[in-house]
């Protein structure tokens, strides 16, 4: 049938699967466990089975077995599938149904299965048990089963402890106590039988205790840990005790000491009440090092003095200090500082107590939250209230906005280099911190002076920026004017007037400046400008600046001229440079380079070597093409346009020549004499053959037998599908900018880089690489990734800067492609989507940096560098030879999510008629007119913790297929043909009302939220119904029709935004009109030509990108021959940009979809992270590869800035290829 459909199939199976744990034949006891409900929900109480014996028996039985159904096996899975000390374990190779399960013992009679095993190797604490009851059926059919889950608590002994402390030390030591099973609530330390002292908790499972001031000699430490239940009040249920022997030796330097210095009201104690206090090391040598919680701190307050202001020493092996203060919350409580000097150690326990009252300072800028926003702890500014001055409610102080209150969650509210403590919000001459400090000192009241009131105040009384130059356009065009802009900054001409431009040309190729002239420049703000007529024979523009007298800037700049010819390549069958290698496969290679308009290519030669009888071909073009007969009547096809240029060499002799090229535009040589003269090489003028130097070329090398019709025997790049064809996937995309060698030094001007990522000591190639992480942001999870790059600048070229360029962790600043200028991104960027990180020389030409991974999102890793003090950056990624490395940081809950797909219309339907349909309320209310087939209890019994709903929106009517049984359009139609993305289908409510459907749906989500079952929507962004309305979001975006009037929610997209759709037979271009499905240039979805069309769906246009099949096959009887048939598999990671502003609107429209439905279901922006259970929980992305990957990255990051653990699940059709 035409259109789209779906099937729901639910055969009968056993249900009511129960689990019982027994010790010594009796049912194991239980313990009370209270789950906190948080601010908006009540606590819930649960009885959890507590296992204390060394042996346990797990029993399971299916209690509800329909007539005619037989249970023939029950299997057990412990936790994530660990192997218990029993037999009958099935490893992961058995698949998802039985992999990592154990067979339970079948009873002689009855239905209770059991499994007995030792618990001695199981870690203490919570465990999840699953049992799976299988319905007996023909082995040829798929398994049918029901799964039950039970949580138990293993409590054979007290908390398990491990210690990190030297057995012998001089002076002091820091005892770190790890509780690997995370059951310890308190830890106490006793020295030599003295009084117990509490250890300081650092985080769950980690405690510290300062071993300070102990006498020299041997000591015995006794460490006791307690374990409590989660009842109310909590009661101790276990404990453990360990001993540790240590030996203390006197310090070599008896004068070595460490103490805090803080100008608070009790300056002599070890409690600090002010931010930015000092730690002073007395008697320390120049080599002494200070650590705080494992971080090395700099001596930034002078010798032996650290000002605790957020600076740390980078762990790059060079001891560099981070220039930006690291920011984060001021953490009240105990902290440990460790001073190491030679063999001596001093440990100082310091208690943070901000302003003496443990005030909360979320961003660590020294200003408590309630000062930055009065009554912030009480919810100010209040629900649904804008932040004062935030006119567009994006919580960013945009241009034109005047914020009257600081942001407690941002140390630099206005995204400047200045922290909020140094700001003076009321302009009274006292900084914000000065007013807080005065109130603290004078009256122990930090609110005494209002930082927003100029009348409320106390009484009484970075390195230089070098010059820069830029050219427009860059590169310059020969024979045209170029504008030079010079900015002195803090350079030699900082205060000069006038400024003179000293300019010439062609130093790049001739070695000296040509036709030098001086031109007075015109002042323009802090800069100076002048124009220069670029000579038609110029190969570069060379410039410097002076004051008209004797003061010169001291730097020279060189700007490239487009199409300028460089030094010639040499055609002698000897490789011009081994550094020109760009591809290798099974020993075959391609070398290539560009100088001016000339392209150099090379591969292995044939020559007169009698052992080589094969013919070699180098094929090039600016585009891919339909299947074209292979050169010289060889077997197979080449997927380049007809009459593509190729360089050929005949086996058995040294002849070579170009074919299908402009006369006089080429040269070549071929030989196989020895290791030097062993190449087929050629030169072709790109301007003569293609009209100029293209941004990219497609290249391939084929080696065939010597005779007509002989097969392909070798090739480069890599073979993809076998046979004698050089297919779409076997064409190397070569961005010409990556292979320029304009100075003829035998090395690419931007280097020939390699890049790797290192995670947990595992090193991977970063070229189109993928790194996955799973985090729990509420728990504070953090991983790290090391990036190593080798730019390979070559020769005497010098690297003057190397940086990692990434948006890792920066989801909150997500922007669309092209919205951010990479030149605006620096290592000190605060609010840019991407950020630069200085990389350190790791030796061997490799530069490295390690960065944290702490925010869920979809990110990219790139690198950039400058060569020979060039002002332009060279980037690793070129979307051809090299591509970004993807870093996918997913919520940890993704690892434990079990989905159940539902169509809400049929989930609890009683008949196939409209009146028998189910609605959302059927799935969360107990029904009297039908079985409760779907409910939170039922889903939990199945082990399901998230449901995936097929599209819930109104369904289009135009273009539906015809039901042959009725000769009418199918009803209700496919939910994947959406008519309004911002409504819930009225038929999904009991009253068949749009408003009621929205209410039922939001109530449904709230109910499932309360019972711990997530809800995933289904997003069909690639296509819509022909009669799709623009909906509420079109109005929110302020979209206007062709008359300049704001669109109506019921306006059809095809009417007011036809350009949002692809054009028929040209899917990469925008459509323009729609009257009917037979009178429109809107394209039918999908764009693919390897399977059929959906008559009820129109294709959206997200721009031109890899996976978009832009054209239909020219020969519909031979679709394989089309260059578009498999082009979507190339994955050059290339997005060619937005076709029109309409395409940008479409991105914004659909990126808003998850956020819109989050807000509708109780999770608006600003919802605390620990309340992420609220609202919908995920999006299944229909035909995800039919939309650019950059769009998904943008949408994912925009969504996770609102709900950090929102899940995205992609439908992938071709992943195996």
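Just so you know, all these numbers are worked out from the coordinates, no wet-lab data involved. Please read these numbers as outputs of a predicted model, since none were measured by experiment. Neighbour counts are summed over all protein chains in view; Cβ atoms, including those assigned to glycine, are modelled from backbone coordinates with ideal geometry.
Below, the figures for the structure above:
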item	result
Fraction of antiparallel bridges per DSSP, the stretch 15-154 only, in percent to nearest 5	95
Contact order normalised by residue count of the stretch 15-154, Cα under 8 Å, 6+ apart, percent	28
Pairwise label distance in nanometres, residue 398 with residue 385, each label 7 Å out on the Cα-Cβ vector	2.3
For the stretch 887-939 and the stretch 253-293, distance of Cα centres in Å	61
Ranked packing of 163-169, 721-727, 875-881, most packed first, by mean Cβ within 10 Å	875-881, 721-727, 163-169
Mean-position separation - Cα centroids, the stretch 531-571 and the stretch 704-761, in angstrom	33
The stretch 844-883-the stretch 393-448 distance, computed between alpha-carbon centres (Å)	36
Cα-based shape type of the stretch 563-633, given that a ≥ b ≥ c are square roots of the gyration tensor eigenvalues and the cut on a/c is 1.5	oblate
Shape of the stretch 578-739, Cα gyration tensor, a/c cut at 1.5	rounded
Label-reachable residues, the stretch 685-713, where backbone N falls under 16 Å from a point 7 Å from residue 558's Cα toward its Cβ	none
Packing rank of 578-585, 853-860, where each peptide gets the mean count of other beta carbons within 10 Å, highest leading	853-860, 578-585
Expected-Rg normalisation [2.2 N^0.38 Å, Cα atoms] applied to the stretch 81-130	1.27
Tensor-based shape of the chain (alpha-carbon gyration tensor, a/c under 1.5 rounded, otherwise prolate or oblate)	oblate
Efficiency of FRET from Cβ geometry, residue 1131 and residue 629, R₀ 25 Å, rounded to 0.05	0.35
Value of [θ]222 nm, deg cm²/dmol, for the chain, DSSP H segments ≥ 4, -39500 (n - 2.57) each, nearest 500	-2000 deg cm²/dmol
Among 176-182, 272-278, the order from most to least packed when residues are scored by Cβ within 10 Å on average	272-278, 176-182
The stretch 1133-1202: relative contact order as a whole-number percent, Cα under 8 Å and 6+ apart	41
The stretch 754-892 - percent relative contact order, Cα under 8 Å, separation 6 or more	35
Rounded to 5, percent antiparallel among DSSP beta bridges of the chain	85
